[in-house]
Ligand SMILES: [Zn+2]
């Protein structure tokens, strides 16, 4: 687990010529298209990953905005908080994909926000034990704990060969955010998509059976998919209960 997060504070300068990027060359997606993916100063190629991340973050913000607009969230600050969590998850996604490390600071950040949302959802006096066992914080917390123990166990018995310890904290996050049914499905999606991806790159000859594929991005993909499914198509989840 690495704690440095240079990705979070990207210095706005060209990586080739170090020249500072002026604001109008730094507009998400649009500047990339206008400059045709080149630095204005030295014409060095700018990675297509920048506009792609900007696009993905934009899509998730748009979806959260849509959910808020149609009253899926009872509070504007809840929508903003989810937007922050999703942004952190996209950074974790890219970072784990590139460096096979999960930036744990962003995981703690997201966990704190999700716990806060759970408490807000409950709005109950948690001292009353009879209500406590029906509270979101208890049910989702238990889901997160089960997922955490499962992934922690996989990391432990494989000595981080199959799974890293960071993944178990992502599993905890998914359980806390989605509750029992949706989090189980999110993890199932992660395993399915991850397996299909791994088999595909082996068949295409881009990797061999010993190649390591980070699992964090698949967990995050499963989470995001089930998050929106849970809100937009709740009846779909009831099929699995
Ligand atoms: Zn440059």
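Points to keep in mind about this one:
- Between the Cα long axis of helix 216-232 and the first principal axis of the chain there is an angle of about 60°, rounded to the nearest 10.
- Angle in degrees between helix 76-99 and the longest Cα principal axis of the chain, rounded to the nearest 10: 60
- FRET efficiency, residue 146 to residue 55 (Cβ-Cβ, R0 35 Å, nearest 0.05): 0.55
- Relative contact order [Cα under 8 Å, 6+ residues apart], the range 48-238, whole percent: 20
- Degrees separating the helix 49-69 axis from the principal Cα axis of the chain, which is the longest one: 40
- One decimal place: the segment residue 44-residue 188 gains 47.7 nm when fully extended, by the rule 0.36 nm per residue minus the C-alpha distance.
- Applying 1/(1 + (r/R0)^6) with r as the Cβ-Cβ distance of residue 213 and residue 70 and R0 = 41 angstrom yields a FRET efficiency of 0.65.
Only the coordinates and a few stated rules stand behind these numbers; no lab work does. Being a predicted model, the structure only gives us computed values, none of them experimental. Cβ atoms come from the backbone with ideal geometry, glycine included; neighbour counts cover every protein chain shown.
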